[in-house]
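Report on one structure; see the data block that follows.
The values are calculated or read from the model by the stated rules, or taken from the named source; none is laboratory data. All of these numbers come straight from a predicted model, not from anything done at the bench. When we count neighbours, we look across all protein chains shown, and the Cβ atoms used for this are built from the backbone with ideal geometry, even at glycine.
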Amino acid sequence: MPRKRKKISLRWQALTSTISTTLVLVLMGLVVICALTANRLSESVRQSLTVTVMTTDETTDEAARALQQKLEQRPWVKDVNYISREQALHEQTEAMGLDPTEFLNQNPFNPLLEVHLMADYACTDSLLWISKRLRSNPLVSDVVYQKDLVERLNSNLHKATYVLLGLAALLGLVTLVLINNTVRLSVYSRRFLIHTMRLVGASWGFIRRPFMLRALWIGLTAGFVADGILLGSIHALWQYDPTMQNYVTLPDVGLTTLSVMVCGLLLTLVCTFISVSHYLGMRESKLYE
């Protein structure tokens, strides 16, 4: 009977340790996926900034098209939208409610190029350099972008990044402490068994082995369950809003699930190794404290 109770107790400890580790890993996975999604959102917002390249009166449609193709080959350009004279006239007519050609007797608009930059170049210094380079082209009369908006956007994104990093560091510390405490409590309940095995001459490696194997299985099980919960939640999010697939991408999901599995294994194994070593080196009198 005592042996049966002991087996039930060990199984219950393994179950509670697995559940606790799983919950902590789910929390860690949420932090990782939120950080990756925030980075995607930041890139999307930066790339939505528009730099308008205004051409000269002498610029023909063919020359403007050639300039568009030339800009699309630049490493700092994401894409370029070409707006012809006729399209610009049509848009302005709809916006103003009247046709400028009725009193000017000609189309006053020149071809425009709307340039969207790569995220890394959507900052004040890069935009100044890009604007200067574009203005040096004889076909370009002016380069327009919202400088104040760019500065505010980058400032807010930097603040959000610092907040996320601080939150990730805090939750990472909480994750480490919770898993360490869970493992220590599990090992603490078997400290007398560790001491007995040490007295009969068992080596430290031999004593650690069953604990490390148990930690390995707990880490694997917790990692798989946590990944299953995260994948189910992400799938539900995609079903609810399909546009979220643009921000919560498959590579990010793969990186998150892999990091959860690796961290689950490493943390349980390392914490178990440290805890068992702690009791292996402890004096008998300390075991009763």
Problem set entry | region 237-289, residues that are surrounded by 15 or more Cβ atoms within 10 Å (Cβ to Cβ), among the hydrophobic types (A, V, I, L, M, F, W, C), at pLDDT below 80 and out of contact with any Phe, Trp or Tyr (no Cβ under 6 Å at 6 or more places or on another chain) | Met282
For this session: Considering (1) among the hydrophobic types (A, V, I, L, M, F, W, C); (2) without any contact (Cβ under 8 Å) to a residue 40 or more places away in the chain; (3) over 25 Å from Ile19 (Cα atoms), say which one Ala160 fails and leave the rest.
Result: (2)
For this session: Please work out which one of (1) part of a helix (DSSP H, G or I); (2) without any contact (Cβ under 8 Å) to a residue 12 or more places away in the chain is the condition Ala202 fails and give its number.
Result: (1)
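If I go through region 125-153 residue by residue, how many of them are more than 22 Å from Pro111 (Cα to Cα) and charged (D, E, K, R)?
5
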Exercise. Looking at Ser203, Ser141, Ser189, which is the one that is modelled with pLDDT of 80 or more, farther than 30 Å from Thr257 by Cβ, among the polar types (S, T, N, Q) and over 36 Å from the mean Cα position of the chain (by Cα)?
Worked result: Ser141
Problem set entry | Every pair of residues 6+ apart whose Cβ atoms lie under 9 Å, when the first sits in region 31-54 and is free of Cβ contacts under 8 Å to residues at least 60 places away in the same chain while the second is charged (D, E, K, R) and assigned to a helix (DSSP H, G or I) | Asn39/Asp252
Problem set entry | Pair list, Cβ under 9 Å, 6 or more apart: region 217-242 residue touching a residue at least 60 places away in the same chain (Cβ under 8 Å), other residue not in a helix (DSSP H, G or I) | Ile234/Val248
Exercise. Are there any pairs, at least 6 apart or on different chains, whose C-beta atoms fall under 8 Å, with the first in region 139-151 and in the same structural domain as Leu71 (by TED's automatic domain parsing) and the second small (Gly, Ala, Ser) and assigned to a strand (DSSP E or B), and if so, which?
Worked result: none
Exercise. Of the residues that make up region 147-170, is at least one modelled with pLDDT of 75 or more and closer than 24 Å to Leu67 by Cα?
Worked result: yes
Exercise. Tell me, which residue of region 30-70 that is under 15 Å from Asp252 (Cα atoms) and among the aliphatic types (A, V, I, L, M) is surrounded by the fewest Cβ atoms within 10 Å (Cβ to Cβ)?
Worked result: Leu41
For this session: Take the residues in region 71-91 that are surrounded by 15 or more Cβ atoms within 10 Å (Cβ to Cβ) and at pLDDT below 85, then tell me which one is farthest from Arg133 (Cα to Cα).
Result: Leu89
